[in-house]
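Chemist: Mind having a look at this structure? Questions to follow.
The values are calculated or read from the model by the stated rules, or taken from the named source; none is laboratory data. Source: prediction; values computed, not measured. Here Cβ is always computed from backbone atoms with ideal geometry, including for glycine, and neighbour counts include all displayed protein chains. Ligands, DNA and RNA are excluded from the accessible area calculation, which covers all protein heavy atoms including side chains. Shrake-Rupley method; radii C 1.70, N 1.55, O 1.52, S 1.80 Å.
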Amino acid sequence: MFAGTPLIAVTSASNHVASEGREPRELRLGSSYVPAVAVAGAAPVIACEETPELFAGLCDGLLMTGGPDVSPSRYGEAPLNSSVKTDPARDLYEEKLLRAFLKEEKPIFGICRGCQFLNVAFGGSLHQDLPPEDGWDHRDRAVRHKIIALEDSIVGRLFGTEFQVNTIHHQSVKQLGRGLRVTARSPGGIIEAYEHEDLPVFAVQFHPEKLANDFCDNTTQDFQPLFDYFVRLVRRSAEARLR
């Protein structure tokens, strides 16, 4: 922590997929992640694809953000079709960053790609290209759909056992990774949230940062409490290490 404020490492995206790897690499971050972390009382620090061990030592928690598809080779498959767009350099860096935070036993929160990447890192696999569910497409940013959560889960305690979320993805968790337990699903059975049974690690498939604070459009609950929970978890973990 710095002056009593938790520091959260936030993973960045790049221009690799959009430019098909032809342009010099640029790092990017959607603007909605930053206020969600800041309003919760922490300072976001963008992990700039360098010095993973340094970030894991400096920061008190890790937020793994959305982005392109995780390389199928990481779970023993070839790309299913042309919809699979990957960023191998990001995969490689985030693997190192994740391992460094796990070694430090610091809290980790995954969103969308982050949810998928964590699952693969724990030995799971992914559905590479989801079909439409009940007539709606998970790629459609305008869609809001119900998910069903366990009452004794993080999302269940914060938002109830049934609530609406957004959907901005075409992949999802298939085989669950080791030590993880499913805590929410869509009506069709797609895994929307999970938690690790022992470690301070949890993830959601939807995008709560796009529906938090000023980004909340009243089509769902305000999801800022999820970031508040994460920062409380990070703060408790950091304070325990200082004792």
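Chemist: Tally up the carbon and sulfur contribution to the accessible surface of the chain as a whole percent, 1.4 Å probe, everything protein left in place.
Modeler: 52
Chemist: What net charge is computed for the residues neighbouring Phe159, neighbours being all others with C-beta under 13 Å from the C-beta of Phe159, Lys and Arg scored +1, Asp and Glu -1?
Modeler: -3
Chemist: A further question on this structure: Got a sec to turn the phi values of the stretch 143-149 into Karplus ³J(HN,Hα) couplings, 6.51 cos²θ - 1.76 cosθ + 1.60 with θ = phi - 60°, whole Hz, x for Gly and Pro?
Modeler: 6, 10, 9, 7, 10, 10, 10
Chemist: Another question, if that's okay. Non-local amide H neighbours of Val10 (under 5 Å, H modeled in plane, Pro and chain starts lacking H): which ones?
Modeler: Val45, Ile46, Ala47, Leu63
Chemist: I've got another one for you. What size of dipole, in debye to the nearest 20, comes out for the chain about its Cα centre when the only charges are +1 on Lys and Arg C-beta atoms and -1 on Asp and Glu C-beta atoms? Before the final figure, lay out each step's value.
Modeler: Values: 26 positive and 33 negative charges, 73 e Å.
I would put it at about 360 debye.
Chemist: Which sequence of Val34, Val182 reflects their accessible areas, 1.4 Å probe, from the largest down? Don't skip to the answer; put the middle values down first.
Modeler: Working: Val34 60, Val182 35 Å².
So the residues, ranked largest to smallest area, are Val34, Val182.
Chemist: Mean residue ellipticity at 222 nm from the helices of the chain, using -39,500 (n - 2.57) per DSSP H segment of n ≥ 4 over the full residue count, to the nearest 500 deg cm²/dmol?
Modeler: Helix contribution divided over all residues of the chain: -8000 deg cm²/dmol.
Chemist: What residues qualify as long-range amide H neighbours of Ser172, i.e. H under 5 Å apart, gap of 5 or more or another chain, H built at 1.01 Å from N?
Modeler: Under 5 Å from the amide H of Ser172: His127.
Chemist: Please build a GNM for the chain, connecting alpha carbons under 10 Å apart, and tell me which residue among Ser19, Ser82, Ser31 fluctuates the most.
Modeler: So, out of Ser19, Ser82, Ser31, the one fluctuating most is Ser82.
Chemist: Would you check the chain for Lys pairs whose C-alpha atoms are within less than 25 Å, ignoring same-chain pairs closer than 8 in sequence, and give me the count?
Modeler: Value for the chain: 9.
Chemist: Which ³J(HN,Hα) values, rounded to whole Hz and listed in residue order, are derived for the stretch 62-77 from phi using the Karplus coefficients 6.51, -1.76 and 1.60 in 6.51 cos²θ - 1.76 cosθ + 1.60 with θ = phi - 60°, glycine and proline given as x?
Modeler: Coupling constants for the stretch 62-77: 10, 10, 9, 8, x, x, x, 5, 6, 4, x, 4, 6, 10, x, 10 Hz.
Chemist: Can you list the equivalent-ellipsoid semi-axes of the chain, largest first and in whole Å, using the square root of 5 times each Cα gyration tensor eigenvalue? Don't skip to the end; give the middle numbers.
Modeler: Working: eigenvalues 124, 100, 61 Å².
One finds semi-axes of 25, 22, 17 Å for the chain.
Chemist: Just to confirm the filter: which trypsin sites (Lys or Arg not before Pro) across the stretch 10-66 are DSSP coil and have at most 16 other Cβ within 10 angstrom of their Cβ?
Modeler: Arg22, Arg25
Chemist: Among DSSP beta bridges whose residues both lie in the chain, state the antiparallel percentage, nearest 5.
Modeler: Close to 55 percent.
Chemist: Moving to a separate point now. How large is ³J(HN,Hα), in whole Hz, for each residue of the stretch 151-164 in order, when computed from phi with the Karplus curve 6.51 cos²θ - 1.76 cosθ + 1.60 and θ = phi - 60°, using x for Gly and Pro?
Modeler: Those phi angles translate into 4, 9, 10, 4, 5, x, 5, 7, 10, x, 7, 9, 7, 8 Hz.
Chemist: Let me ask you something else. Restrict the search to the stretch 1-86; then list the GluC sites (Glu not before Pro) that DSSP places in a loop and that have at most 11 other Cβ atoms within 10 Å of their Cβ.
Modeler: Numbers: sites: Glu20, Glu26, Glu49, Glu50, Glu53, Glu77; in loops: Glu20, Glu26, Glu49, Glu50, Glu77.
For GluC sites (Glu not before Pro) across the stretch 1-86 that sit outside H, G, I, E and B with at most 11 neighbouring Cβ atoms in 10 Å, the list reads Glu20, Glu50.
Chemist: Still on this structure: Of all DSSP beta bridges in the stretch 1-70, what percent run antiparallel (nearest 5)?
Modeler: Details: 3 of 11 bridges.
Percentage antiparallel, nearest 5: 25.
Chemist: Next question, about the same structure. Could you report the stretch 1-152's accessible area per residue, 1.4 Å probe, as an integer in Å²?
Modeler: Details: 6880 Å² over 152 residues.
Accessible area per residue: 45 Å².
Chemist: Amide H neighbours of Gly66 under 5 Å, counting only residues 5+ apart in sequence or on other chains, H built in-plane at 1.01 Å?
Modeler: Amide H to amide H, under 5 Å and 5 or more residues apart or across chains, Gly66 pairs with Arg113, Gly114.
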